[in-house]
Amino acid sequence: MNQLQYAWDDLKSQKTRNIILLIQILAALMLFSLVLSLLFNLRSFSDKLYQLTGRQDIYFSRDMTDPGRFAEIMSSPDSNYRLKELYSFMTNNYTAFTADAQQLMWLNDDNLDGSFIVRRSDTGKGYNLLKINETYLKVYDLSTVEGTGFTSQDFQADGNTIPLLLGFNFRSFFQLGDTITDTGGSKYQVTGFLEKSTYFLQPGKSGEIYLLDTWFVIPVHPKSIVDYDSAIMSTYILAENPSILETIQQKSTELGLYTFEFRSFTDQMQLIQEDFNIQMSLIGFMLIVILLFSITGLTSNIAQFIDSHTREFAIHLLCGAQVNSVIQRILIHIFLMIMPACILVFIIHRFSKTTVFTILFSLMIGCLVAIYPAIKLSRLGINSLLRRSE
């Protein structure tokens, strides 16, 4: 306990320098945890896709419809019925999941964090919105930290209140059971909060991995022509043989709708992986630079501390203390610097592989920094310390 108090007093004696080191350590461990989280997420996504698809692939559609023909479809009074039939055909006859992120959730809530806002207008603020069907839950495991996920009934019911899952970062602003009303008058009831760093990919839309921490997630219930058009173009088909997708084009032609071109998600995943590798390289470079500064700064700080406290250490040893107790004091000093970063990582990632590996990594850094002072002190006897203190 005395060594802990000594170490704490040592930190307080050089507040400015230690605060700078603490910020560097925080930045390094946060970057490390981000890299781990993204790697685990991408690996998890690939594994889930492989388990679900087996020898199948995911295909997404490209709308190759002539612009004039598309305008005619959207203006036709019976298009809503025809689009509904095509969407039902795609989702009922194939293993198809919908991940529609083409629209926003518009609210007038002034209490939410301004950084969550995607777009502003005179009538409200737009937030990220994801509409999904039940098959989506088989591809992405939407686990919750509070409340429950969607049930089969949520995708069948079309009542007055729409069930709503909120991203992790909304926990500070809403509670389970809260009712949210958008600018159009639709009501949503909060049924759960998603786990931190829950994500999804949109085949064919972007190579970006979307983290759902600031997203609203609801079951897809298309009503208007625009809703059906958006849902159809955001529906992805699982198929072993792409030739079977010709029936979708035949059905679309029969209904007088789109001209499709289907593409494989395998090729898209390769592009996503390449972009991901570039991002990881950049983050990794930043991580290495910050780590070098942190380790060098912390080691120099400890070395300077030993030099400036030589007389004190000598007196302790003359009074019967052991060199090990002095080394213990230095170790406590080091790990008190690392502990706040570990606590922050735990708060963000909770009990997860990311948290465990980040804490282990921080302990490794602490042990690495402690090697030099431990060797230096263990080689110094009382006489050496007294001579250096003169």
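The values are calculated or read from the model by the stated rules, or taken from the named source; none is laboratory data. All values derive from a computational prediction rather than experimental measurement. Every residue, glycine among them, receives a Cβ derived from its backbone with ideal geometry; neighbour counts consider all protein chains shown.
Quick notes on this one:
- Residue match in segment 162-178 (condition: part of a helix (DSSP H, G or I) and hydroxyl-bearing (S, T, Y)): yes
- S88 vs. criteria modelled with pLDDT of 85 or more, surrounded by fewer than 18 Cβ atoms within 10 Å (Cβ to Cβ) and touching a Lys or Arg at 6+ places or on another chain (Cβ under 9 Å): no
- Selection of strands (runs of 3 or more DSSP E) fully inside segment 96-158 by the criterion of at least 2 residues being in contact with a strand residue (DSSP E or B) (Cβ under 6 Å, 6 or more places away or on another chain), surrounded by 14 or more Cβ atoms within 10 Å (Cβ to Cβ) and charged (D, E, K, R) returns 125-132.
- Sole exception among (1) closer than 23 Å to L211 by Cβ; (2) at pLDDT below 85 for K125, by number: (2)
- Positions within segment 155-170 being of a type outside the set (G, A, S) and modelled with pLDDT of 85 or more, in sequence order: F155, T161, I162, P163, L164, L165, L166, F168, N169, F170
- Only one entry in S152, S197 is modelled with pLDDT under 90 and on the phi > 0 side of the Ramachandran plot, namely S197.
- First in segment 119-133 and free of Cβ contacts under 8 Å to residues at least 60 places away in the same chain, second anywhere and among the small types (G, A, S) and part of a strand (DSSP E or B), Cβ under 8 Å, 6 or more apart: R119/G126; R120/G126
- Within segment 220-255, the only residue that satisfies the criterion of being of a type in the set (V, I, T) and loosely packed, with under 13 Cβ neighbours inside 10 Å is T253.
- Residues satisfying the stated conditions in segment 162-187, i.e. buried (at least 20 other Cβ atoms within 10 Å of the Cβ) and free of Cβ contacts under 8 Å to residues at least 40 places away in the same chain: none
- Near pairs, Cβ below 6 angstrom, 6+ apart or cross-chain, from segment 265-290 (farther than 18 Å from F32 by Cβ) to any residue that is among the charged types (D, E, K, R) and at pLDDT 75 or above: T266/D57
- Cβ-Cβ under 6 Å pairs, at least 6 apart or on other chains, segment 341-358 side farther than 15 Å from A27 by Cα and assigned by TED's automatic domain parsing to the domain that holds S172, far side in a helix (DSSP H, G or I) and basic (K, R): none
- On the stretch given as segment 60-82, residues that are among the hydroxyl-bearing types (S, T, Y) and modelled with pLDDT under 85 total 1.
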